[in-house]
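Structure record follows, encoded as structure tokens.
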Amino acid sequence: DAGITQSPRHKVTETGTPVTLRCHQTENHRYMYWYRQDPGHGLRLIHYSYGVKDTDKGEVSDGYSVSRSKTEDFLLTLESATSSQTSVYFCAISEGVLAGNEQFFGPGTRLTVL
Amino acid sequence: AQKITQTQPGMFVQEKEAVTLDCTYDTSDPSYGLFWYKQPSSGEMIFLIYQGSYDQQNATEGRYSLNFQKARKSANLVISASQLGDSAMYFCAMREARNNNDMRFGAGTRLTVKP
């Protein structure tokens, strides 16, 4: 199994508070991704990183920011959490971006915004 | 924009029988990859199988095979000899070569294997 951990695994917070989720990998993969999973939508890409300090927006990036200061860590920040950001968040890594490079997923973080 | 459609929200299959989970996609990029992932009730996403748009043969991985019909833009997952442990959500996904950091997922199909 790919070495990917996410922390925290569960979090309950209140509307308007900042939240940071952490993804940590031990595979030294260049590419890292943050997705959110909601019923009826599958997984949707929030942000991704193609190297240290190199990030870009995905399909549903509004309200989220990311940072990657080290190869192994990719942080997702909700500056001011809203109830619509209640979701399960998955981090993924990939060795490359050729069509055949599968993504390996972390265990997920369940975030509830009250 | 790329789009993935899984039309079966839920499927039931008898243990030891085969089942087909449908996936259709829409893209104008001639180069793309198709993926299937399994998500058991424990929540993790498990990669199952990959098919490239230029692959001549259908992909197979153990009991999983991908029925790739390029002209119809379909990439159905076939699970042979279903087991109780196959009960899970299954997601089809696609990544285009021209937008290779953007993997798009379908809404998923929940498969239940009956004993």
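The values are calculated or read from the model by the stated rules, or taken from the named source; none is laboratory data. Values in this document were obtained by computation on a predicted structure and should not be read as measured data. With ideal geometry, Cβ positions are generated from the backbone for all residues, glycine too; neighbour counts draw on all protein chains shown. Note: accessible area is taken over every heavy atom of the protein model, side chains too, but ligands, DNA and RNA are not part of it. Shrake-Rupley method; radii C 1.70, N 1.55, O 1.52, S 1.80 Å.
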Check: Which ranges mark the strands (runs of 3 or more DSSP E) fully within the stretch B:23-113 that have 1 or more residues being more than 9 Å from chain A (Cβ to nearest Cβ)?
Finding: B:24-26, B:32-39, B:46-52, B:64-69, B:74-79, B:88-96
Notebook entry, point to check: Scanning the stretch A:62-100 for residues that are within 14 Å of chain B (Cβ to nearest Cβ) and without any contact (Cβ under 8 Å) to a residue 12 or more places away in the chain, which turns out most open to solvent (accessible area, probe 1.4 Å)?
Noted result: A:Leu98
Notebook entry, point to check: When the stretch A:16-58 is examined, which residues are found to be farther than 19 Å from B:Ile4 by Cβ, surrounded by 13 or more Cβ atoms within 10 Å (Cβ to Cβ) and out of contact with any Phe, Trp or Tyr (no Cβ under 9 Å at 6 or more places or on another chain)?
Noted result: A:Val19, A:Thr20, A:Val52
Next item on the list: Please work out if A:Thr109 is touching a Lys or Arg at 6+ places or on another chain (Cβ under 7 Å), touching a residue at least 60 places away in the same chain (Cβ under 8 Å) and β-branched (Val, Ile, Thr).
Entry: yes
Margin query: Out of everything in the stretch B:50-75 that is over 19 Å from B:Met103 (Cβ atoms) and in contact (Cβ under 8 Å) with a residue 40 or more places away in the chain, what residue ends up being surrounded by the most Cβ atoms within 10 Å (Cβ to Cβ)?
Written below: B:Asn67
